[in-house]
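Asker: Please see the structure below; I have some questions.
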Amino acid sequence: MANSIKIRAKIKGDTTEVKCLMTHPMETGLRKDSKTGKLVPAHFINEVIAEAGGKPVMTAEWSGGISKNPYLSFSFTGAAKGDEVKITWKDNQGGSDSETAKIS
Amino acid sequence: MKMTQLALTAICAISATVVMADKKATDTSPAEDLKVYRDYFNKRFPGIPLNEFGNGVYAIDKVSRDSWEAIEEFPPYEPMIEAGEAMWNKPFANGKSFASCFGNSPAQRKNYPHWDAKRKMVVTMELAINDCLEANGEKPLGYNKGKIADLAAYMAYQSRGQKIDVQIPNDPDALAAYNDGKAFYFARRGQLNFSCASCHMESAGMHVRTDTLSPALGHASGWPVYRSKWGELGTLHRRFGGCNEQVRAKKFKPQGKEYRNLEYFLAHMSNGIEYNGPSSRK
Amino acid sequence: MTMNTKRRVFLKGSMAAGSVGVAIGAGLLAPQAVIAAWNEKAFQAKSVDDALTATMGAAANTASDAIKIKAPDIAENGAVVPVSVSTDMSGVESIALLAEGNNTPLVATFMLGAGAIPDVSTRIKMGKTSDVIAVVKAGGKLHSARKSVKVTIGGCGG
């Protein structure tokens, strides 16, 4: 997979709406593997940082209670068409990824 | 209310069953079957446009439809469509690619399943994908999930809007395959002694515990499917296997003759409905 | 990508259509500072009050009609429950999203800066039937709303 984050950012009037989908197992650490019967170790995104034009716009903290392959949407003002939105996630095992998209 | 529904169901089920199942599979033609099948679902779910049945249970269940629409807003299968696109574009070791088998357009959904007169068998899209890999010296893929579902998702996505148009040619072998699929569809099996039709025809719209049973009409349209339960994409034949196991019957091999013939029958019954895969389901 | 052209289109009024967002524009905290602070205590708390105290500094809150929660009456699958939280309150600093019946109720917190639109959507896991609770911190005070979501066991392995 090329990138674990897909972003759509659209501006309407002065409001930019960002929708993103992240590819991640979001294991709570409480689920048993159906074959081995052993607990699957916790592995979930616990921080998501959204920036626009280099400035932080929103920061989320998550538990493993967010669904597998997480979806997030949010809106903000103060950006213009063509500006870049950057989404970064970090997980509890030290993994991370980030992706940018232009506001259309 | 429940009783009325049940009684009505019984009546409808009897008429459809008599025409389509209690007789031998060979007693009615595909055209006659199609009419009975359509009439049955139209009567059962009046006012629902044909194409809506391509959305499965969401065509008839408003509550779950709300969640579904929210999920389809940015569906979890989108990254898999991209992975499938990369597969489509990546040359094999011999320099050729899937285009050498399918032609330049990945929008091939409408051509499957079809009767292959030379091979005397039903060919599905997944089967054709593996045939292509093997013909080019590549390793075939597992049929239930993973890469084959990614590629099928890309091809289905590019094909959205094409209508299911599965023909049963005037060929005794083709007709036999169709009748085999039809017989499978109406055959009771497993410890629960359910046929496909028991749940998705006779009891469509009713509940198994809290699940609303989806109408069989349109069942072939939206594959591959990202089931929340799976947390990943799976193929139609994977679901056939799951359904068979749920009635505590033996499941058959994906892309074996049984399921290919079943797909042939099922897809023919959904002729005219748009292919809209990939889709998300609960 | 051709992704745009073939996407499912639903009539307006569908649940997700007008969703949301959070956000904001001014940099209150550098992202790194927030990362270092992932609130383990709040996310591992077993009760709503403990979680709120750990993340918002207090548990006491006032119910508010100004907070809207969009979530299904009946979850199709408890593993994927679409939830949106929005409010027209001003001065919103942060939003906490909790599933009361979960083993650890706090699911997410969203920190907004000045100028943000307090409107976020995500999909959450719910272990059993319970209320989804949204707590909004605005002007230093906590406001909340709740919405019941039924989580059921499916008959088809769902």
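Asker: In the protein assembly as shown, what % of DSSP beta bridges are antiparallel (nearest 5)?
Answerer: Expressed as a percentage, antiparallel bridges in the protein assembly as shown total about 95.
Asker: Say each of residue B:138 and residue C:150 gets a label point 7 Å from the Cα, pointing the same way as Cα to Cβ; how far apart are those two points in nm?
Answerer: Label at residue B:138, label at residue C:150, 4.7 nm between them.
Asker: Then there's this: Magnitude of the Cβ-charge dipole of the protein assembly as shown, K/R +1 and D/E -1, about the Cα centre, nearest 20 debye? Please list the in-between numbers first.
Answerer: On the way: 68 positive and 54 negative charges, 203 e Å.
Charge dipole, the protein assembly as shown, about its Cα centre: 980 debye, nearest 20.
Asker: Now a separate question. Can you compute the equivalent ellipsoid semi-axes for the range C:24-151, i.e. the square root of 5 times each eigenvalue of the Cα gyration tensor, sorted largest first and rounded to whole Å? Spell out each step's value before the answer.
Answerer: Working: eigenvalues 101, 56, 39 Å².
That gives 22, 17, 14 Å for the three semi-axes.
Asker: Which order do the peptides B:39-47, A:45-53 take when ranked by the mean count of other beta-carbon atoms within 10 Å per residue, highest first? Can you show the working numbers first?
Answerer: Working: B:39-47: 15.2, A:45-53: 22.3.
Top of the packing list down: A:45-53, B:39-47.
Asker: Can you list, largest first and rounded to whole Å, the semi-axes you get for the protein assembly as shown by taking the square root of 5 times each eigenvalue of its Cα gyration tensor?
Answerer: Ellipsoid half-lengths, sorted descending, are 44, 27, 20 Å.
Asker: Return the equivalent ellipsoid semi-axes of the range A:5-102 as a descending list in whole Å, where each equals the square root of 5 times an eigenvalue of the C-alpha gyration tensor.
Answerer: Working from the Cα gyration tensor, I get semi-axes of 31, 11, 10 Å.
Asker: Lysine pairs, Cα distance under 17 Å, 8 or more residues apart or cross-chain: how many in the range C:24-151?
Answerer: Summing the qualifying lysine pairs gives 11.
Asker: Starting from the Cα of residue B:188, step 7 Å along the direction of its Cβ; do the same at residue B:116; then give the gap between the two resulting points in nm.
Answerer: Label-label distance for residue B:188 and residue B:116, simple model: 3.7 nm.
Asker: Below 12 angstrom from the Cβ of residue B:53, what's the summed charge of the other residues (Lys, Arg +1; Asp, Glu -1)?
Answerer: 0
Asker: Answer rounded, prolate or oblate for the range B:127-282, using the Cα gyration tensor with square roots of eigenvalues a ≥ b ≥ c: rounded when a/c is under 1.5, else prolate when a/b is larger than b/c, else oblate. Please report the intermediate quantities before stating the final value.
Answerer: Working: a/c = 1.42, a/b = 1.22, b/c = 1.17.
Taking the square roots of the gyration eigenvalues as a ≥ b ≥ c, the range B:127-282 is rounded.
Asker: Taking 8 Å as the Cα distance limit and 6 or more residues as the minimum spacing, I'd like the relative contact order of the range B:78-159 as a percentage.
Answerer: Reported as a whole number, the value is 43 percent.
Asker: I want to check the label-to-label distance for residue C:49 and residue A:93. Put each point 7 Å from Cα in the C-beta direction and report it in nm to one decimal.
Answerer: 3.7
Asker: To continue, here is another question. Accessible area of residue C:50, 1.4 Å probe, to the nearest 10 Å²?
Answerer: About 90 Å², rounded to the nearest 10.
Asker: Treating only the Cβ of Lys, Arg, Asp and Glu as charged (+1, +1, -1, -1), what charge dipole size does the range C:24-151 show about its Cα centre? Round to the nearest 20 debye.
Answerer: Values: 12 positive and 11 negative charges, 37 e Å.
About 180 debye.
Asker: If you wrap a convex hull around the alpha carbons of chain B, what volume per residue comes out, as a whole number of Å³?
Answerer: Considering the Cα atoms of chain B, their hull volume per residue is 125 Å³.
Asker: With the cut-off at 1.5 for a/c, could you classify the range C:52-110 from its C-alpha gyration tensor as rounded, prolate or oblate?
Answerer: It comes out oblate by the Cα gyration axes.
Asker: Mind checking the mean number of beta-carbon atoms from other chains within 10 Å of the Cβ atoms in B:237-247?
Answerer: 1
Asker: Another question about this same structure. Starting from the amide H of residue C:79, placed 1.01 Å from N in the peptide plane, find each other amide H under 5 Å away whose residue is 5 or more places distant or on another chain.
Answerer: Residues meeting the criterion, in which the H sits 1.01 Å from N, are C:126.
Asker: Take every Cα pair under 8 Å in chain A that's 6+ residues apart, average their separations, divide by the length, and report that relative contact order as a whole percent.
Answerer: 33
Asker: Sticking with this structure for a sec: Output the relative contact order of chain B, whole-number percent, from Cα pairs under 8 angstrom with separation of 6+ residues.
Answerer: So the answer I get is 26 percent.
Asker: Ignore the peptide's own chain and count Cβ atoms of other chains within 10 Å of each Cβ in B:210-219; give me the average, rounded.
Answerer: 3
Asker: By how many nm would the segment from residue B:45 to residue B:257 lengthen if fully extended, with 0.36 nm per residue of separation less the alpha-carbon distance?
Answerer: 73.1 nm
Asker: Which one of B:246, B:157, B:168 is farthest out on the positive end of the charge dipole of chain B, using unit charges on Cβ (Lys, Arg +1; Asp, Glu -1) and the Cα centre as origin?
Answerer: Value: B:246.
Asker: So what's the back-of-envelope 222 nm ellipticity for chain B, counting only DSSP H runs of four-plus at -39500 (n - 2.57) apiece and dividing by all residues, rounded to 500?
Answerer: It lands at -13500 deg cm²/dmol.
Asker: Which FRET efficiency value, to the nearest 0.05, do you get for residue C:41 and residue B:26 by plugging their Cβ-Cβ distance into 1/(1 + (r/R0)^6) with R0 = 60 Å? List each step's numbers first, then the result.
Answerer: Working: r = 70 Å, r/R0 = 1.16.
So, using R0 = 60 Å, E works out to roughly 0.30.
Asker: Now, a different point. Ignore the peptide's own chain and count Cβ atoms of other chains within 10 Å of each Cβ in B:83-91; give me the average, rounded.
Answerer: 1
Asker: Separate question: Starting from one equal scatterer on each C-alpha and no solvent at all, send me the Debye-based log10 I(q)/I(0) for the range A:21-68 at q = 0.17, 0.22, 0.33 Å⁻¹, two decimals.
Answerer: -0.58, -0.79, -1.14
Asker: Please report, for the Cα atoms of the range B:20-134, the Rg to one decimal and the Dmax as a whole number; what are they, in angstrom?
Answerer: Final numbers for Rg and Dmax: 19.7, 54 Å.
Asker: Determine the distance separating the Cα centre of the range A:34-53 from the Cα centre of the range B:42-63; give it in Å without decimals.
Answerer: 37
The values are calculated or read from the model by the stated rules, or taken from the named source; none is laboratory data. From a predicted model like this one, the values you see are computed outputs, not experimental measurements. With ideal geometry, Cβ positions are generated from the backbone for all residues, glycine too; neighbour counts draw on all protein chains shown. Each accessible area value is taken on the protein alone, full model and side chains, heavy atoms only, with ligands, DNA and RNA left out. Shrake-Rupley method; radii C 1.70, N 1.55, O 1.52, S 1.80 Å.
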